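Encoded as structure tokens, the structure appears first; notes follow it.
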Amino acid sequence: MENKQNNKINLNQRIAILGAGAAGLSAAEALKLKGYKHVTLFERTDHAGGKCLSIEINKKNYELGAGILTKNNIIPLRLAKKYKVAIERADIGHSIFVNKSGRQIPQQSLLLKLKVLWQLIFRYRRILKKYKVLELPGFDNLDPSVTLPFAQFAKENKITDLADVFSLFLTGFGYCYADHVPTAYVLKYANWETIVAYLKKQVYIFPKGMQGLWTRVAKEHDIRFNSVITKITRAEKITIVTDAGTDKFDRLIVTTPLDEMLLFMNVSTQETALFKKIMYLDYQTILCTVNNFVEATGYVPDNFIKERAGHPVLWYYRQVGEPVYSFYVLTDKDISTGGVFNESKTFNQTKTFNETKVIDNLKKFVVQMGAEVESVHQFVHWKYFPHIGTEEMNNGFYDKLNNIQGNQHTYYAGEILNFSCVGFTSEYSEHIVNRYF
Ligand SMILES: Cc1cc2nc3c(=O)[nH]c(=O)nc-3n(C[C@H](O)[C@H](O)[C@H](O)COP(=O)(O)OP(=O)(O)OC[C@H]3O[C@@H](n4cnc5c(N)ncnc54)[C@H](O)[C@@H]3O)c2cc1C
């Protein structure tokens with residue numbers, strides 16, 4: 001086994017990175033800064049950015065994936081500055097809330113607002129201090145109490161009103177239902193810096209689309225787009241076989257879904273056992289032109305429960321004056337490869353939630369609000385929010401994964417290691433490079 005941490009620095013090593021999303025490109029940037037000269041990224045699609053995916057309709061930009069960053073998302077903001085990619089302050093605070101029938105829900109009463117504020121300052125802040133370890137990259141050395149589902153943790157810690165507010169950013173943004181998601185993910189995501197950034201409205205968007213940031217960063221690196229990896233063999237060297245040929249590397253950084261490594265890499269028994277535990281959600285973005293719809297971003301808290309899976313949880317009104325809206329739908333399907341992996345090594349695509357049903361739900365919802373869907377421009381299924389459940393977290397999933405970092409010259413990064421957010425996934429990549437390279 002390679003000596004992981006004391007690996008002598010050899011800047012001539014050939015390093016392969018799987019995936020040219022935020023994680024892969026942040027790793028490539030960090031390696032470049034250290035002076036590594038031979039870094040190659042393998043990207044399955046013909047573009048960089050992964051879940052930062054932006055499109056144009058009538059010369060206006062829309063986001064199909066990530067849309068906003070907060071001030072504490074240091075790495076993507078630093079890269080935007082370095083490569084002169086424009087950002088601007090997001091106009092947050094004009095959101096509306098409607099029930100499942102599309103009727104507007106009145107604002108929280110003053111009393112409830114005060115309760116939420118109390119729970120935030122006097123209870124939640126103390127909780128964050130107690131579990132300070134979550135401020136570090138990754139999820140190592142977790143206390144068993146933070147592996148509990150967040151709804152249960154919130155009840156036990158008397159922060160249920162605050163938890164209702166958090167659900168806007170949890171379920172609304174595609175990160176499970178509160179009665180399922182382990183608390184560690186919530187505490188990492190809703191850290192104090194993020195909360196302060198939201199309160200101070202230090203939230204940013206990319207007027208030309210967040211994908212543009214990664215397209216720009218990608219120009220600085222050697223990326224093999226449209227790579228179909230058919231085999232990875234790890235021995236003294238790492239051999240990567242794609243439909244374009246075979247290449248050898250000294251080290252490998254994986255930022256792509258770990259469960260999919262089971263399909264083409266010579267994985268160890270331990271890797272197999274861990275990767276099969278990872279779950280994903282089928283989170284969907286539906287970009288539509290809607291006539292006579294409300295000119296605001298909106299949340300539908302009634303749909304934040306499993307029983308309402310397949311109904312919109314949120315819509316985003318990005319371009320003022322344009323009737324184009326992104327609707328977000330969470331389904332209750334686990335679409336992990338681990339769950340559907342079979343002997344013939346094929347994916348079971350039928351597991352994804354029925355699109356016709358989702359569009360039908362959406363159209364009915366919009367009609368209830370006196371509006372009409374004119375056309376659907378895009379329907380994207382995201383294999384989203386790689387995570388593990390309470391039991392696996394309690395069984396030390398993350399400590400085990402951390403222990404195999406560097407085995408067979410392989411390092412793992414990406415969303416599962418540090419939460420599904422651009423800032424977090426980038427942070428972990430930088431952490432891996434600083435620690436092991
Ligand atoms: C609808 C939506 C809204 C979001 N909103 C926000 C937001 O506002 N703010 C925020 O911070 N985050 C947001 N996120 C989350 C954020 O987009 C992701 O967490 C982040 O972009 C993940 O980056 P990554 O590089 O880890 O993974 P990915 O972006 O998934 O990148 C992985 C890359 O690997 C490639 N790949 C996969 N398999 C292979 C393979 N076998 N071989 C080669 N390449 C492969 C993929 O094509 C992809 O380019 C949102 C996500 C979604 C879906």
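For Thr183, are the conditions met, namely being in contact (Cβ under 8 Å) with a residue 12 or more places away in the chain, more than 25 Å from Glu43 (Cβ to Cβ), buried (at least 17 other Cβ atoms within 10 Å of the Cβ) and polar (S, T, N, Q)?
Working: in contact (Cβ under 8 Å) with a residue 12 or more places away in the chain: yes; more than 25 Å from Glu43 (Cβ to Cβ): yes; buried (at least 17 other Cβ atoms within 10 Å of the Cβ): yes; polar (S, T, N, Q): yes.
Yes.
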Starting from the stretch 15-34, take each residue that is more than 25 Å from Lys383 (Cβ to Cβ) and list its partners that are part of a helix (DSSP H, G or I) and within 9 Å of the ligand (Cβ to nearest atom), counting only C-beta distances under 8 angstrom and pairs at least six apart or across chains. Ala30/Ser429
Can you spot a residue in the stretch 104-117 that is more than 15 Å from the ligand (Cβ to nearest atom), at pLDDT below 95, surrounded by 15 or more Cβ atoms within 10 Å (Cβ to Cβ) and under 30 Å from Asn157 (Cα atoms)? yes
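Are any residues in the stretch 299-322 of a type in the set (Gly, Ala, Ser) and under 21 Å from the mean Cα position of the chain (by Cα), and if so, which ones? Outline the logic, then answer.
Here is the first cut: in the stretch 299-322, the ones of a type in the set (Gly, Ala, Ser) are 309-310, 321.
Of everything in the stretch 299-322, those that are of a type in the set (Gly, Ala, Ser) and under 21 Å from the mean Cα position of the chain (by Cα) turn out to be Ala309, Gly310.
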Residues of the stretch 353-375 satisfying the condition of being surrounded by fewer than 16 Cβ atoms within 10 Å (Cβ to Cβ) and either touching a residue at least 60 places away in the same chain (Cβ under 8 Å) or within 16 Å of the ligand (Cβ to nearest atom) (or both): Glu355, Gln368, Gly370, Glu372, Glu374, Ser375
Filter the stretch 78-101 for residues that are crowded, with 17+ Cβ neighbours inside 10 Å and out of contact with any strand residue (DSSP E or B) (no Cβ under 6 Å at 6 or more places or on another chain); which is farthest from Pro137 (Cα to Cα)? Val85
Looking at Asn403, Asn418, which one is at pLDDT 95 or above, within 15 Å of the ligand (Cβ to nearest atom), over 29 Å from Gln104 (Cβ atoms) and not acidic (Asp, Glu)? Asn418
Can you name the strands (runs of 3 or more DSSP E) wholly within the stretch 1-90 that have at least 1 residues being within 8 Å of the ligand (Cβ to nearest atom) and either over 30 Å from Ile404 (Cβ atoms) or charged (D, E, K, R) (or both)? 60-63, 68-70
Need the failing condition index for His381 against (1) farther than 19 Å from Phe275 by Cβ; (2) part of a helix (DSSP H, G or I), just the number. (2)
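Enumerate the strands (runs of 3 or more DSSP E) found wholly within the stretch 209-320, keeping only those where 3 or more residues are touching an Asp or Glu at 6+ places or on another chain (Cβ under 8 Å), touching a residue at least 60 places away in the same chain (Cβ under 8 Å) and closer than 30 Å to Lys363 by Cα. Reasoning before the result, please.
Working: elements: 222-224, 229-234, 238-242, 245-249, 251-254, 279-291, 312-317.
By residue number, 279-291.
When you scan the stretch 308-325, do you find a residue that is among the β-branched types (Val, Ile, Thr) and farther than 24 Å from Glu374 by Cβ, even just one?
Scanning the stretch 308-325, I find no residue that is among the β-branched types (Val, Ile, Thr) and farther than 24 Å from Glu374 by Cβ, so the answer is no.
For the stretch 282-298, give me each residue that is among the hydroxyl-bearing types (Ser, Thr, Tyr) and more than 16 Å from the ligand (Cβ to nearest atom). Even if it seems obvious, please write down each step before you answer.
Taking the stretch 282-298 and keeping what is among the hydroxyl-bearing types (Ser, Thr, Tyr), we get 283, 285, 289, 297.
Selection gives Thr289 alone.
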Looking at the stretch 56-66, is at least one residue at positive phi, touching a helix residue (DSSP H, G or I) at 6+ places or on another chain (Cβ under 7 Å) and at pLDDT 95 or above? no
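The values are calculated or read from the model by the stated rules, or taken from the named source; none is laboratory data. Quick caveat: nothing in here was measured; it's all calculated off a predicted structure. Because the Cβ atoms are built from the backbone with ideal geometry, glycine has one as well, and the counts that use them run over all protein chains shown.
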